[in-house]
Amino acid sequence: MGVVVAWQLLNAYNNSTDPTVAGRPLSNPHTHLHTVALGEKPGVLYLGTHYGLFTSTGGGYTWPHGTLSNYMVTSVAVSPSDSNVLALIVIPTSGLGQQSGIAFSRDNGTSWQISAPSGLSSSTYPYSVKAGTGSSGQFYAFYFYAGWLETRDLGAHWYPITRGTLSGMQTPSLLTDSNNPNHLYLGGDQGLFESHDDGNHWLHISAIEGNVQSIIAANTTPHILYCATDQGLYYWQEGSTRITLISNLPMPTPPTRLATDQTGRALYGLSGQDLWFSLDNGTTWVHRWHFDRGDLVSLIVDPQNPYKLYAGFFLPPKVVYSTDGGSFWQTLTD
């Protein structure tokens, strides 16, 4: 009995989202960082950590206490239709009486309801969640060994959008269309696929070769899209059949992470631990920064400011930011 009580006390201590230093969400010595995400409102920043979710409404300079302290938060998505609607991948840290799944909130994290798609085998594992661009209840979740599933009612019902071999795609990236909720791109080790009917049918884009590492789109009309694979970096405009393989990249290997602002003018690519920057759709590049560690988990651009970036690192956990396009970085929180 004493061993059980001691274990419970230790687990409660380790799971506490109360940071060791007030206002510093990553100062708990037992935590690590899984993801950094921007809210739909200016100044809102989310950190998914080993012991819960932390939210800042002051651009990351102020941090109240966290929530969901008994869960690892590994992925965060915010509805573009309603900034108060959130979805998280949550995995219990104790494993006792709690389920992995997707936690939904309608009130910006004040209350939560955890959903898990029914009928999945015990070997499946939630990995990523993405917001849809239709109603505020539309989200997509990827489960290892099950593929991508969609909900349109905040987890009350789930529907598969991949089947067969596509459900087994590794390192998957899902890109949603801000102008058309039925238009999706899906990339991974099998290449890049496109759907115009919300995942009922998928078309392989054979012009893009290799394992898709990252796919992004600028919120322009038409959209400007970039796709990085292990074979190169591709660029095209929405609706065009002309897909360009960008030649003469200055980095030794194609970027594995891409980021851009709403206009698509500022393009960032991470190759190894080096950050590169382009202002002409990837035709020419400037080396911006060499990160001194390789455990980067997030690289995001403020959609309203193409020169403001955030980068998050896994362990020891740390978030840094730049206001000049990556030439100089400061610590936001650690």
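The values are calculated or read from the model by the stated rules, or taken from the named source; none is laboratory data. Quantities reported herein were computed from a predicted structural model and do not represent experimental measurements. Virtual Cβ from ideal backbone geometry, glycine too; neighbours counted across all protein chains shown. Protein only, heavy atoms only, side chains kept; ligands, DNA and RNA dropped before computing areas. Shrake-Rupley method; radii C 1.70, N 1.55, O 1.52, S 1.80 Å.
A few remarks follow.
- Whether a residue is among the hydroxyl-bearing types (S, T, Y) and open to solvent by less than 60 Å² (accessible area, probe 1.4 Å) was assessed, and S81 does not pass this test.
Yes or no, residue by residue, for (1) part of a strand (DSSP E or B); (2) open to solvent by less than 20 Å² (accessible area, probe 1.4 Å); (3) more than 18 Å from S128 (Cβ to Cβ); (4) modelled with pLDDT of 95 or more:
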position	(1), (2), (3), (4)
F142	yes, yes, no, yes
E150	yes, yes, no, yes
H157	no, no, yes, yes
T165	no, no, yes, no
T171	no, no, no, no
L175	yes, no, no, yes
N180	no, no, yes, no
G187	yes, yes, no, yes
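- Among the residues of the stretch 198-225, those that are in contact with a Cys (Cβ under 7 Å, 6 or more places away or on another chain) and either of a type in the set (D, E, K, R) or within 14 Å of I243 (Cα to Cα) (or both) comprise I208, I215.
- Pairs where the first residue, in the stretch 232-246, is without any contact (Cβ under 8 Å) to a residue 24 or more places away in the chain and the second is open to solvent by 80 Å² or more (accessible area, probe 1.4 Å) and not charged (D, E, K, R), C-beta under 6 Å, 6+ apart: G232/L245
- Scanning the stretch 228-251 finds one or more residues that are within 17 Å of the chain's Cα centre (by Cα), buried (at least 21 other Cβ atoms within 10 Å of the Cβ) and modelled with pLDDT of 95 or more.
- Considering the conditions (1) of a type in the set (V, I, T); (2) open to solvent by less than 40 Å² (accessible area, probe 1.4 Å); (3) closer than 23 Å to Y321 by Cα, V286 is excluded by exactly one of them, (2).
- Test: S27 is within 20 Å of S111 (Cβ to Cβ), surrounded by fewer than 21 Cβ atoms within 10 Å (Cβ to Cβ) and modelled with pLDDT of 90 or more: no
- Some residue of the stretch 12-23 being at pLDDT 85 or above, of a type outside the set (A, V, I, L, M) and not in a loop (DSSP other than H, G, I, E, B): no
- Selected residue (criterion: least open to solvent (accessible area, probe 1.4 Å)) from residues of the stretch 255-283 that are modelled with pLDDT of 95 or more and assigned to a loop (DSSP other than H, G, I, E, B): P255
- Annotation note: Cβ proximity below 8 Å between a residue of the stretch 278-302 that is at negative phi and a residue that is outside any loop (DSSP other than H, G, I, E, B) and exposed (fewer than 15 other Cβ atoms within 10 Å of the Cβ) (sequence gap 6+ or interchain) occurs for S278/V286.
- Residue tally, condition open to solvent by less than 30 Å² (accessible area, probe 1.4 Å) and either free of Cβ contacts under 8 Å to residues at least 60 places away in the same chain or not polar (S, T, N, Q) (or both), over the stretch 33-49: 9
- Meets criteria (open to solvent by less than 20 Å² (accessible area, probe 1.4 Å), farther than 30 Å from H196 by Cα and not in a strand (DSSP E or B)) for G137: no
- Count - residues of the stretch 88-124 that are within 23 Å of L45 (Cβ to Cβ) and in contact (Cβ under 8 Å) with a residue 60 or more places away in the chain: 1
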